[in-house]
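We did not get these values from a lab; they are worked out from the coordinates using the rules stated. No experiment lies behind these values; they were computed from the predicted model shown. Here Cβ is always computed from backbone atoms with ideal geometry, including for glycine, and neighbour counts include all displayed protein chains.
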Amino acid sequence: MKRTLIVLMTLGMMSLFFTNAAADENLVQSVAKGCKVELEKYCANVTPGEGRILACLYAHGDKLSPKCEYALYDAAVQLERAVAALSYVANECDEDLDKYCSAVAPGEGRLLDCLNKKSNQLTKRCKQALKDVGLK
């Protein structure tokens with residue numbers, strides 16, 4: 001149960017930072033499929049949004065099936081990888097972001113768009129990082 005609670009908390013926290021809406025939707029669908037029984041049994045009357053579904057699953061953590069636990073764990077791992085990739089790009093592109101994109105408001109892919117518009121002027125480090133994580 002302790003592992004399930006940690007996974008649920010990680011999933012909730014990581015989803016706050018995750019920015020790719022399409023990938024986020026796939027993760028939600030994966031958890032919804034893996035936890036279908038639990039969601040119908042324990043969380044059917046919970047209004048989605050603001051982490052209420054995760055809170056419901058957390059409240060029933062001792063009753064989750066292995067399939068649901070795995071779906072939550074897998075989603076948390078994918079989110080951690082995405083955050084690590086974004087952190088890597090942010091570190092490697094720090095100078096480029098300061099130089100070319102300092103006036104751009106973060107969010108909704110605006111910084112990535114800025115970097116893509118300046119792709120010919122980016123440092124080799126930044127270009128490689130974007131390539132490494134599949135953003136270029």
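Quick notes
- Whichever lysines have a C-alpha closer than 26 Å to that of residue 41, once near sequence neighbours (fewer than 8 apart) are set aside: 2, 33, 63, 67
- Cross-link partners of residue 124 among lysines, defined as those whose alpha carbon lies under 18 angstrom from its own and excluding same-chain residues fewer than eight positions apart: 99, 136.
- The GluC sites (Glu not before Pro) of the stretch 21-96 that DSSP puts in a loop, and whose beta carbon has at most 11 other beta carbons within 10 Å, are 50.
- Subtracting the Cα-Cα distance of residue 91 and residue 131 from their residue separation scaled by 0.36 nm leaves 13.0 nm.
- In order along the stretch 69-83, the phi-based Karplus estimate (6.51 cos²θ - 1.76 cosθ + 1.60, θ = phi - 60°) of 3J(HN,Hα) comes to 4, 5, 4, 5, 4, 4, 5, 5, 5, 4, 5, 4, 5, 5, 5 Hz; Gly and Pro are listed as x.
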